[in-house]
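The values are calculated or read from the model by the stated rules, or taken from the named source; none is laboratory data. Given the structure is predicted, the values throughout are model-derived calculations rather than measurements. Cβ atoms come from the backbone with ideal geometry, glycine included; neighbour counts cover every protein chain shown. We work out accessible area using only protein heavy atoms, side chains counted, and drop any ligands, DNA or RNA first. Shrake-Rupley method; radii C 1.70, N 1.55, O 1.52, S 1.80 Å.
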Amino acid sequence: MNNTDFITILKTRYACKAMNGKTVPQEKIDSVLEAIRLSPTSSGLQPFEIISITNQEIKEKIRPVAWNQAQITDCSHLLVFAAWDTYTADRINYMFDLTNEVRGVANEGWENYRQKLLAALPQMDAEVNFQHASKQAYIALMSAMTQAQAEGLDSTPMEGFQASAVDEILGLREKGLRSCVLLTVGYKDAESDWLVKLEKVRKPMDKLVTTLA
Ligand SMILES: Cc1cc2nc3c(=O)[nH]c(=O)nc-3n(C[C@H](O)[C@H](O)[C@H](O)COP(=O)(O)O)c2cc1C
């Protein structure tokens, strides 16, 4: 992939406002999920899970607690990004142990870093930890949106939902998870999507970047 390709993906993806209910082939969803899995996270902890929903009944339950947004029921796959409710020693150790296993070596600097995190994170306020974990999930959200576009799919990121209600429907709190953002993945209904023909609006570079040379 060259740089132009990525910019083209960013220019052409948009927040789909109406979907047509068609099913996305599993291999395309798998590639979106792989983009999520490969996304970087702070300390490599990957502090979130994805609930991939195709079950129509569950989508119907979620729609009313998601501002009644039609893409929830008209998408192919509804991805719920569910962040860890806090950082625990078990969760931190899992990722450090996995790293040692994959790399086949334990490294002193790495083990010291593990101890530093174990001493700091589990003791922190759970809400602060959840907010931090959520930020990591948002990085993966961006990967998912761009990979969906690369696969010729449409998607809608959504914060417009009642997280506690979605948690309840999916039984997330019992698993130590809390929903933080949704992504509907599917195909646009070009006739009823009011956004599809409108020009993308972004502020100019000089309102975004300050250069200190
Ligand atoms: C984190 C996040 C949450 C969003 N929540 C919603 C939402 O609930 N419903 C919706 O229709 N669009 C939602 N959007 C879409 C934005 O409004 C849209 O991305 C923005 O206006 C820029 O337009 P574009 O994505 O089409 O380029 C959300 C976008 C992001 C990144």
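Roughly how many nanometres apart are two label points built 7 Å out from the Cα toward the Cβ at Asn55 and Thr99?
My value for the distance between the label points is 3.5 nm.
For Cys180, tell me the accessible area in Å² from a 1.4 Å probe, rounded to the nearest 10.
Looks like 20 Å² after rounding.
Take Ser192 and Ala106, extend 7 Å from each Cα along the Cα→Cβ direction, and tell me the distance between the two endpoints in nm.
Here the answer is 5.8 nm between the modelled labels.
Along Cα→Cβ, 7 Å out, is where each label goes; now give me the distance between the ones at Ala89 and Thr210 in nm to one decimal.
My value for the distance between the label points is 4.4 nm.
Going through the stretch 1-73, which trypsin sites (Lys or Arg not before Pro) have at most 16 other Cβ atoms within 10 Å and a DSSP loop state?
Filter output for the stretch 1-73: Lys22.
Name all residues of the stretch 136-176 having a backbone nitrogen under 19 Å from the label point set 7 Å from the Cα of Ser42 along its Cα→Cβ direction, giving them as ranges.
136-143
What is the distance in Å between the Cα centroid of the stretch 80-101 and that of the stretch 129-157?
Taking the Cα centre of the stretch 129-157 as reference, the centre of the stretch 80-101 is 19 Å away.
Report the percentage of all Cα-Cα pairs in the stretch 1-155 whose separation exceeds 28 Å, rounded to a whole percent.
I get 34 percent for the Cα pairs in the stretch 1-155 exceeding 28 Å.
Taking only Cα atoms of the stretch 105-213, what ratio of Rg to Rh do you get with Rh as the Kirkwood inverse-distance radius?
Ratio value, two decimals: 1.09.
Can you give the local net charge around Asn129? Use residues other than it whose beta-carbon is closer than 13 angstrom to its beta-carbon, Lys and Arg +1, Asp and Glu -1.
0
Using the heavy atoms of the protein chains and a 1.4 angstrom probe, tell me the accessible area per residue for the chain in square angstrom.
It amounts to 57 Å² per residue over the chain.
Report, in cubic angstrom per residue, the convex hull volume of the C-alpha atoms of the stretch 144-202.
Dividing the Cα hull volume of the stretch 144-202 by its residues yields 132 Å³.
Taking the Cβ-Cβ separation of Ile9 and Glu174 as r and a Förster radius of 30 Å, what is the calculated FRET efficiency to the nearest 0.05?
0.20
Restricting attention to the stretch 121-213, which chymotrypsin sites (Phe, Trp or Tyr not before Pro) occupy a DSSP loop and are surrounded by at most 13 other Cβ atoms within 10 Å?
Answer in residue order: Trp194.
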